[in-house]
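Structure incoming, see below.
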Amino acid sequence: MSTTKHERPGVYSRYDASTVVSGGGSGKTVGIAALSEAEAGGLHALARYEDAAAAFGAEDNLCRLAQTLFRNGAAQVKAAPVAAEEGYEAAFALLEAEEDLAVIFCDSTTLGVQQKLRESVENASQARRERIAVVCPGSGENVSELVARAEALNSERVVLAAPADGTGGALAAAAAAGAIAGENDPAVPLGGAELKGVDTLQAQYGDSEIDLLVRGGVTPLECVGGKVSVVRGVTTRTKSGTAADATWRELTTIRIVDDVIPTVRSALRAKFRRAKNTEQSRGAIRSQVVLELENKLAREIITGYDGVTVTADSENPTVCLVDFSFTVAHGLNQIWLSAHITV
């Protein structure tokens, strides 16, 4: 593309048109570790599908998965090519060190690899780099096998989306990962999100099967009228120890926590980088925390907060202790109608 040049003063313009897929402006960054013909051991920052095609080739597995992530809302993709099954752990290590990843996707269906991803995601989140992992089911897995896989993962930071797409590949789960990254409001439930780039699924679940999947920690997908969508977004966390625990079942819960805590943390870090641990400073810190929580309350990300206290540590005078509680907003999954008919 070139601009015609003249001697007349003025403002000249040029444009081009393309059918390439790029990320959504309000979406988050997705990290992906997937099999590829490209050289393993590096990390590629991709802003659009064209970047992926140039880096890996249009027919490459990693390129197709990146395209699906972009189509469903990912703003950027950071891709770690993997040559063979034993290379996933090194790819996870590369992604674990990245600061700005909201979702990590892996195309391996091996449970051991998925458990390694869970460990990587949990380690990164403990190091203040909060993120969620999305993993694939095995091709042809039935409901019982899917629930068993979710039980073996059992983490509020891992989402298992099933069934696989019609080819038995990872596109459906990748689309779910892109949809999670593309939703800017963490309190909006994933259920009902249309998954673009996926035409068919390996299985169609009935209501009883969906009940078992949701309660078992599996995010079910369905195809209705030729469109694939999420039935309900849940995490694989169904137990605390050996006891059943639904506290972290809804995906929105961990997403809200990952929105509120880092927001407060970032605000305090930015405004109190060099401050004194005095009563006046602690009062200002409390005001800033309240301001951030009020913002989340106004946006309906939380429904309330309480107990905001800021105190000096009795054992270390250079430490300030900030304590507060909040209630997450719950998504609307069902509406029950009761009609009373008079004839």
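With region 31-101 as the region, which helices (runs of 4 or more DSSP H) entirely inside it contain at least 3 residues that are modelled with pLDDT under 95 and surrounded by fewer than 21 Cβ atoms within 10 Å (Cβ to Cβ)?
Working: elements: 49-56, 61-71, 88-96.
Qualifying helices (runs of 4 or more DSSP H): 49-56.
So which residues in region 225-267 are under 23 Å from Glu151 (Cβ atoms), part of a loop (DSSP other than H, G, I, E, B) and not hydroxyl-bearing (Ser, Thr, Tyr)?
Val231, Arg232, Gly233, Arg237, Gly241, Asp245, Ala246, Trp248, Arg249
Could you figure out which of (1) within 23 Å of Glu183 (Cβ to Cβ); (2) surrounded by fewer than 21 Cβ atoms within 10 Å (Cβ to Cβ); (3) touching a Lys or Arg at 6+ places or on another chain (Cβ under 8 Å) isn't true of Asp245?
Only one criterion in (1) within 23 Å of Glu183 (Cβ to Cβ); (2) surrounded by fewer than 21 Cβ atoms within 10 Å (Cβ to Cβ); (3) touching a Lys or Arg at 6+ places or on another chain (Cβ under 8 Å) is unmet by Asp245, namely (1).
While we're looking at this one, here's another question. So Leu160 clears everything in (1) part of a strand (DSSP E or B); (2) farther than 23 Å from Lys78 by Cβ except one condition, right? Which one?
Going through the list (1) part of a strand (DSSP E or B); (2) farther than 23 Å from Lys78 by Cβ, Leu160 breaks only (2).
Give me the pairs: first residue in region 244-262 and over 21 Å from Arg129 (Cα atoms), second residue modelled with pLDDT under 95 and not in a loop (DSSP other than H, G, I, E, B), beta-carbon distance under 7 Å, and six or more apart or on different chains, which are they?
Asp245/Lys239
Related question: Being more than 14 Å from Ala177 (Cα to Cα) and in contact with a Gly (Cβ under 9 Å, 6 or more places away or on another chain) is the filter here; which residues of region 97-117 pass it?
Listed by number, the residues that qualify are Glu98, Thr109, Thr110, Leu111.
Which numbered condition trips up Gly178, out of (1) touching a residue at least 40 places away in the same chain (Cβ under 8 Å); (2) surrounded by fewer than 19 Cβ atoms within 10 Å (Cβ to Cβ); (3) of a type outside the set (Phe, Trp, Tyr)?
So the condition that Gly178 fails would be (2).
Turning to a different aspect of this structure: As an exercise: evaluate Gln204 against (1) crowded, with 20+ Cβ neighbours inside 10 Å; (2) part of a loop (DSSP other than H, G, I, E, B) and give the number of the one condition it does not meet.
Unmet for Gln204, out of (1) crowded, with 20+ Cβ neighbours inside 10 Å; (2) part of a loop (DSSP other than H, G, I, E, B): (1).
Among what's in region 118-132 and is out of contact with any Asp or Glu (no Cβ under 9 Å at 6 or more places or on another chain) and modelled with pLDDT of 95 or more, pick the residue that is surrounded by the most Cβ atoms within 10 Å (Cβ to Cβ).
By that ranking, first place goes to Arg118.
The values are calculated or read from the model by the stated rules, or taken from the named source; none is laboratory data. Keep in mind it's a predicted model, so treat the numbers as computed, not measured. Note that we place each Cβ from the backbone using ideal geometry, even for glycine, and neighbour counts take in every protein chain shown.
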